[in-house]
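Take a look at the structure below.
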Amino acid sequence: MCIHLIYSLVLFTKQRKEKEEEERKERKENEEEERKEEERKENEEERKEEERKENGEEEEREEEERKMNGEERNEEEERRMRRRRGE
């Protein structure tokens, strides 16, 4: 009877340790997955921010080009007007 109780206790302890170890591994895997997902989200946000930045810079360049084209047109029109007036 005593041997049976000791054996049961040892078996129970062993099973409990195995279960705890398995739970630890599972938690670690879940934490790793969460970390990877968080990294992926951060990278996606950074990529989107860079795209917005690039689009903003591109819009600024286009605006500058339009502005320069407008200034060039104005200068060209002024020259034409002077020529017409005979200046």
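All of the numbers you see were taken from the coordinates with simple rules; none came from a lab. Note that the coordinates shown come from a computational prediction; the quantities given were computed from them, not determined experimentally. Backbone-built Cβ (ideal geometry, glycine too); neighbour counts: all protein chains shown.
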**Study point:** Reachable lysines, given that their alpha-carbon falls under 22 Å from the alpha-carbon of Lys19 and they are not under 8 places away in the same chain
**Key:** Lys28
Check your understanding: Angle, helix 2-85 long axis vs. longest principal axis of the chain, Cα atoms, 0 to 90°, nearest 10?
Key -> 0 degrees
Exercise for review: Treat the chain as a sphere of radius equal to its Kirkwood radius over Cα pairs and apply Stokes-Einstein at 25 °C in a medium of 0.890 mPa s; give the translational diffusion coefficient in µm²/s, rounded to a whole number.
Suggested key: 121 µm²/s
Practice item. Set the Förster distance to 35 Å, then compute FRET efficiency between Glu32 and Ile6 from the Cβ-Cβ distance, nearest 0.05. Key: 0.35
Practice item. For Lys67, go through the lysines and keep the ones whose alpha-carbon is under 30 Å away, minus same-chain ones fewer than eight residues off. Key: Lys48, Lys53
Exercise for review: Using only the alpha carbons of the stretch 39-87, determine the length spanned along each of the three principal axes and report them from longest to shortest in whole angstroms.
Suggested key: 69, 8, 5
